[in-house]
Amino acid sequence: MKKLAICLLVILSFQINAQTAIFDKQESYTRQDSLRGSITPERAWWNLKHYHLSVKVDPENKFISGTNIITYEVLDENNVLQIDLQEPMKITQATQENQELKINREGNAYFIELPKQKAGEEASVTVAFEGKPREAIRAPWDGGYSWKKDENGNHFVATSNQGIGASLWWPCKDHMYDEPENGITLNITAPENLTAVGNGRLIKSKKNKDGTKTFSWNVVNPINNYGVNVNIGDYVNISSKYKGEKGELDVDFWVLKYNEDKAKEHFKDAYRTLEAFEHWFGPYPFYEDSYKLVEVPYLGMEHQSSVTYGNQYQKGYLGSDLSGTGWGLKWDYIIIHETGHEWFANNITYKDAADMWVHEGFTQYSECLFIEYFYGKEAGAEYNQGLRFGISNNEPLIGDYYVNQEGSGDMYAKGSNLLHTIRQVVNDDGKWRAILRGLNKDFYHQTVTTQEIETYISEKSGKDLSKVFDQYLRDIRIPVLEYVVKDNQMIYRWANCIEGFDMPLRIKVGEEELWISPKTRHQVMELPKGEVSFDDDFYVYTHKVM
């Protein structure tokens, strides 16, 4: 009992320190953070219907200019509209029905004064912009334009702006809660010797008299702002069709000309990905807009219907396996991971950056499901367990709300392990797959909160998982099952956890599989004869008290 008391004291001390770390964590936020991250009154009164974005890209001078026609529905009477554009970019003019409008600027937020807007009406405002956008140094992590050149000296340009926001380079309603219901028309003007690739389908292209060429792309589905992208290069198109759950899906690969043969072989992983994820998550969410892989001069990003790729035609993550198990070297990480985001990020999109785990946790877990689909359930589980070595457990997965602040980088691997743990609790693989497919069906093309996702999984599983979500999303501690075995009895409880944590756990005694329901208070159970072992698919620790 003395050893037990010492052990409990150590764990209690850890708990207190962990809680202190959580509750003492404070960030200093500014009004600009609130203007970027909250649904301000100047955003709330109007609903996005469509963007018509035209941008001329001058790679030689790293300069862009253009217009955005923003069509919206008036929900409540108002006359001040917030549009976002980050320095050093500038809005030069705003007009409605050919009338120039007054603009008041506050940092990266532009407040446009309109004639009185009547509820129920649909209107549009045209915003002109120009400037030298922020250049990405470590894309896609820092965001911006990547101004590079290919091996032949041709300009090779691409955008990436997750987190920092699409307003880094184009004027928009830069908050994730509202997406243009009718998509976006994207006109990209580039040097005439190059090809510009955007989202959706290529509608037309035309040569201009000034040595440029304009490519018109169209998206008919709702699209999040950071999913809009521009890619310019000496591209060749590899076109095919994939027979999926909703019929024929147009598949296009846009790659640098000298990589065409390499891509034809290496990008076969894209078809495998579509096969596996349609099995697990349901139909690819954007059949109308096609599926593309687009080669870019950075690692890659989940741009909607225009997944960007820069993994150097290697298996794994730039040739390495993030799990250390070997399973990650059997497929191209960027193709599988970024395509997984078409379901979790582009189909189901967080309303607030604080809930970014919904994107990254589910998508990292999709890697495990890809492996399971092609290599077996045990292989997928091994990969997931290997990812645990990258978890820091130093900050909660949920970030701070209304200030565009994401949570811990653990949202990837820990988010995956949370989901895999919940799968064990559900203990019904058919039901689990139905939940994953149901999420993508019932939240089809919607923005969501983490609470909506948590509630959905609890309701569809028939289990109250609220404490499980609270433990892994909002706390940094990993639960410890403390137990003592003596005379065919086991005394056990959950420690190092939130109050009321009650997740059931699968154990084995000898060859017999049993379920226990630990609480935070001690419980006693009779054991059959045999050695006690615990299921590694649960992301928990165990501590046998001697």
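Quick check: residue separation of Ser240 and Arg388 times 0.36 nm, minus the Cα distance between them. What number comes out in nm?
Stretched out fully, the Ser240 to Arg388 stretch lengthens by 49.5 nm.
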Practice item. Name the long-range amide H neighbours of Asp332: under 5 Å, sequence gap of 5 or more, or other chain; modelled H, no Pro or chain starts. Key: Gly316
Point to revise | region 301-372 - charge dipole about Cα centre, Lys and Arg +1 at Cβ, Asp and Glu -1, debye rounded to 20 | key: 160 debye
Review point. Computed FRET efficiency, Cβ-Cβ of Asp250 and Asp502, R0 56 Å: what is it to the nearest 0.05?
Key: 0.70
Study note, to complete from the structure: The size of the Cβ-based charge dipole (Lys, Arg +1; Asp, Glu -1) of region 201-245 about the Cα centre, to the nearest 20 debye, is 260 debye
Review point. Which helices pass in the chain if a helix is a full DSSP H run, must span at least 30 angstrom along its long axis by Cα, and must have mean Kyte-Doolittle hydropathy not below 0.0?
Key: 2-24
Check your understanding: Based on the Cα atoms of the chain, what semi-axes does the equivalent ellipsoid have, where each is the square root of 5 times one gyration tensor eigenvalue, given in whole Å with the largest first?
Key -> 46, 28, 20
Check your understanding: Once Lys and Arg get +1 and Asp and Glu get -1 on their Cβ, which of Phe286, Asn231, Gly438 lies farthest toward the positive end of the dipole of the chain?
Key -> Asn231
Revision key, fill the gap. Quick shape check on region 140-215: root eigenvalues a ≥ b ≥ c of the Cα gyration tensor, a/c under 1.5 is rounded, otherwise prolate if a/b tops b/c, else oblate, and it reads oblate
Point to revise | ³J(HN,Hα), Karplus 6.51/-1.76/1.60, whole Hz, each residue of region 79-86, x for Gly, Pro | key: 9, 10, 10, 8, 10, 10, 7, 8
Review point. Where the only charges are on Cβ atoms (+1 Lys, Arg; -1 Asp, Glu), what is the dipole of the chain about its Cα centre, to the nearest 20 debye?
Key: 480 debye
Revision key, fill the gap. Here the gain from full extension of Asp429 to Ser124, 0.36 nm per residue of separation minus their alpha-carbon distance, amounts to 105.0 nm
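Using mean Cβ contacts within 10 Å as the protection proxy, how do 315-321, 47-53 order, highest first?
My ranking of the peptides, most packed first, is 47-53, 315-321.
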Revision key, fill the gap. Everything considered on the Cα gyration tensor (a ≥ b ≥ c; rounded for a/c under 1.5, else prolate if a/b is larger than b/c, else oblate), region 143-264 must be described as oblate
Exercise for review: Could you calculate the FRET efficiency of Thr92 with Glu260 from 1/(1 + (r/R0)^6), where r is the beta carbon distance between them and R0 is 35 Å, rounded to 0.05?
Suggested key: 0.30
**Study point:** Kirkwood hydrodynamic radius over Cα pairs of region 282-368, then Stokes diffusion coefficient at 37 °C and 0.692 mPa s, in µm²/s
**Key:** 244 µm²/s
Practice item. With a cut-off of 17 Å, note down the residues of region 526-545 whose backbone N falls inside the zone around a label point 7 Å from the Cα of Lys377 toward its beta carbon. Key: 535-539
Check your understanding: Quick one: which of 345-358, 285-298 comes out on top by average Cβ neighbours within 10 Å, and what's the full order, highest first?
Key -> 345-358, 285-298
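Using a 1.4 Å probe, what is the accessible area per residue for the chain, in Å²?
Result: 41 Å² per residue.
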Exercise for review: Have a look at Gly326, Phe267, Pro171 and report the one farthest towards the positive end of the charge dipole of the chain, computed about the Cα centre with Cβ charges (Lys/Arg +1, Asp/Glu -1).
Suggested key: Gly326
Check your understanding: Using 1/(1 + (r/R0)^6) with R0 = 56 angstrom and r between the beta carbons of Ser517 and Ile69, what's the FRET efficiency to the nearest 0.05?
Key -> 0.45
Exercise for review: Given the peptides 325-334, 155-164, arrange them by the average over their residues of other C-beta atoms within 10 Å, most packed first.
Suggested key: 155-164, 325-334
Point to revise | Apportionment of accessible area to carbon and sulfur, region 442-546, percent (1.4 Å) | key: 46 percent
Check your understanding: In percent, how large is the relative contact order of the chain, given Cα pairs closer than 8 Å and 6 or more residues apart?
Key -> 11 percent
Study note, to complete from the structure: For region 94-103, Karplus-derived ³J(HN,Hα) couplings (6.51, -1.76, 1.60; θ = phi - 60°; whole Hz; x for glycine and proline) come out as 9, 9, 9, 6, 6, 9, 6, 10, 6, 10
Revision key, fill the gap. Rounded to the nearest whole number, the per residue volume of the convex hull around the C-alpha atoms of region 301-444 in Å³ is 117 Å³
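The values are calculated or read from the model by the stated rules, or taken from the named source; none is laboratory data. None of the values given here were measured: they were computed from a predicted structure. Glycine also receives a Cβ, built like all others from the backbone with ideal geometry; neighbour counts cover every protein chain displayed. Just so you know, the surface numbers come from the protein's heavy atoms only, side chains and all, with ligands and any DNA or RNA stripped out. Shrake-Rupley method; radii C 1.70, N 1.55, O 1.52, S 1.80 Å.
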